[in-house]
Amino acid sequence: MSTIRWGIIGCGDVTEVKSGPGFRQASNSDLVAVMRRDGAKAADYAARHGVARSYDSVDGLLADPAVDAVYVASPTAAHLDNVLRAAETGKPILVEKPMGRNESECRRMIAACEAAGAPLFVAFYRRALPRYRRLLDIISSGRIGAPRGVEVRHFQTTEDLPDVAWKTDPAVNGGGLFVDTQIHVIDWLDQAFGPAVQVSGVATNQASAAAAEDTVSASIVFSAGVVANFLCCYAAGHREEKVTVFGTHGSASMSFFTPTPIRIETGGDVDHVTVEEDQPVHRYLIQEVVDHLNGGPEPSSTAANGLRATMVVDKVLESYRAA
């Protein structure tokens, strides 16, 4: 196998712990270049992480002959331009989620990459993580019976708004914390129960603490017939977060964003399953992509599921955006 040498476009917070080190820790993978518009910050990142080269322009990084593949980790509004420019090189691309701000942007990325022969993947890393895979195994094993429905609850207070302002700016992120967080859940449910076949939703901005929606209710029917109901409020009076899958014989639940044990309840009995995951969490998906580029099977997160997740978000927020 050959070593895939990566370059990062947009070395911000997500690359510090979750993803950046993963390109080094994955087998047959290395991180050789980073780019940030602020050249001094790019150089500082490179120095701290032992990366050979840094750039202050996308074109500079893409022109580096030592870069075999590109990880786009810029704010969502920049994904389209970054991916289109990277596609011109024909190099494989791993783009952060959300893939784009809307379906149209995602389709333009896919079309450009297909035309250029540039493989395109989306960083829905939870598809590859052991805890989420274990929950899939529990569901598919029949332990909770035939899956029927899913309840998704996510409540935060306005004090929990991120320090990174663009994450709650629809012009940059396509929405607020619902988009930033629940698109992960939507994508995982796509992995578990197939593509969404029916979607409805309502959203409001009750607290006006940020420009984006802060309260969302959504119902999604997946191709396996499973119905998922979401209730998310980012201006609530308490913090709560859980995904519960209900089957004909019981239920399985866990926190989606905090590494808690999986709780399984069947016939009045309760069991807890703890699954350990190594850091950085992106490493598992990075390994899948690297292995695929070396002739292995397709990774668990591709442009196709990235597009589908964004299409679901578009439908949930359709009436809110049109108001």
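Here, each number is a calculation from the coordinates, and none is a lab measurement. Because the structure is predicted, anything quoted here is derived from the model rather than measured. All Cβ positions, even for glycine, are placed from backbone atoms using ideal geometry, and neighbour counts span all protein chains on display.
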Relative contact order as a percentage, the range 130-276, C-alpha pairs under 8 Å and 6+ apart, gives 31
Apply the Karplus curve 6.51 cos²θ - 1.76 cosθ + 1.60, θ = phi - 60°, to the phi angles in the range 101-116 and return the couplings in whole Hz, x for Gly and Pro.
6, 6, 4, 4, 4, 4, 5, 5, 4, 4, 4, 5, 5, 5, 5, 8
How large is ³J(HN,Hα) for each residue in the range 153-161, as worked out from phi by the Karplus curve 6.51 cos²θ - 1.76 cosθ + 1.60 (θ = phi - 60°), to whole Hz, x for Gly and Pro?
10, 8, 10, 9, 9, 5, 5, 8, 4
Give, as ranges by residue number, the residues of the range 37-55 whose backbone N falls under 15 Å from the point 7 Å along Cα→Cβ of Asp81.
37-38
What is the sum of charges around Arg24, taking Lys and Arg as +1, Asp and Glu as -1, for the other residues whose C-beta is under 10 Å from the C-beta of Arg24?
0
If you take every residue apart from Val221 with its C-beta less than 14 Å away from the C-beta of Val221, what net charge results, scoring Lys and Arg +1 and Asp and Glu -1?
+2
If I model a spin label at Ala165 and Gln279 as a point 7 Å from the Cα along the Cα→Cβ vector, what separation in nanometres do I get?
3.0
What is the set of long-range amide H partners of Thr215 at a cut-off below 5 Å, with H atoms built 1.01 Å from backbone N?
Thr204, Gln206, Tyr234
Run the numbers on the chain and let me know its relative contact order in percent, using alpha-carbon pairs under 8 Å that are six or more apart.
20
Kindly rank 6-19, 268-281, 174-187 from highest to lowest mean number of other beta carbons found within 10 Å of each residue.
174-187, 6-19, 268-281
Rounded to whole Hz, the Karplus (6.51, -1.76, 1.60) HN-Hα couplings of the range 79-91, x for glycine and proline:
4, 4, 4, 4, 5, 4, 5, 5, 4, 4, 7, x, 6
Of Gly60, Gly267, Gly39, which is the most mobile in a GNM of the chain whose springs link Cα atoms less than 10 angstrom apart?
Gly267
When the dipole is taken about the Cα centre of the range 2-79, and only Lys, Arg (+1) and Asp, Glu (-1) are charged at their Cβ, what size is it in debye, to the nearest 20?
140
Before anything else, pin down the relative contact order of the range 6-153: Cα pairs under 8 Å, at least 6 apart, normalised by residue count, whole percent.
18
